[in-house]
Amino acid sequence: TFWSKMSTYKTKDMVSALSKKGFKSHQSHHTFYVFYFNGKKTNIKTFISHGKKEYGDALINAMKKQLHLSREEFDDLISCPLKEEMLIELYLKRGLI
């Protein structure tokens with residue numbers, strides 16, 4: 001909902017939400033989070049920069065595009081109403097997995 005939109009998220013909250021919803025981390029220059037479906041890696045991925053404590057609108061917009069989500073869906077992913085099963089359903093509907 002519009003009133004619950006946050007303009008920033010703590011990095012640790014985003015990492016926690018992604019980790020609980022089918023994303024696995026891969027280390028490189030950044031920490032990449034890749035979505036796995038039925039044990040297989042998909043092309044859906046995003047990354048979180050080392051040393052960044054909070055993400056504002058610009059970085060959130062980039063992440064939501066990488067994750068193929070609207071801002072509302074991204075907010076729900078991070079704040080938890082969007083469960084892994086619902087995320088899988090969205091990705092299946094969109095032909096991404």
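Computed quantities for the displayed model
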item: Boolean, Asp76 is of a type outside the set (A, V, I, L, M), open to solvent by 30 Å² or more (accessible area, probe 1.4 Å) and more than 12 Å from the chain's Cα centre (by Cα); result: no
item: The listed residue being in contact (Cβ under 8 Å) with a residue 24 or more places away in the chain and open to solvent by 80 Å² or more (accessible area, probe 1.4 Å), out of Lys40, Lys52; result: Lys52
item: Filter pass, Leu92 being of a type in the set (A, V, I, L, M), at pLDDT 90 or above and either in a loop (DSSP other than H, G, I, E, B) or in contact with a helix residue (DSSP H, G or I) (Cβ under 7 Å, 6 or more places away or on another chain) (or both); result: no
item: Subset of the range 54-69 (residues that are within 16 Å of Phe32 (Cα to Cα) and not in a helix (DSSP H, G or I)); result: Tyr55, Leu67, His68
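The values are calculated or read from the model by the stated rules, or taken from the named source; none is laboratory data. What you see is a predicted model, and the numbers here were worked out from it, not measured in a lab. Neighbour counts are summed over all protein chains in view; Cβ atoms, including those assigned to glycine, are modelled from backbone coordinates with ideal geometry. Quick note on the areas: whole protein, heavy atoms, side chains included, nothing else; ligands and nucleic acids left out. Shrake-Rupley method; radii C 1.70, N 1.55, O 1.52, S 1.80 Å.
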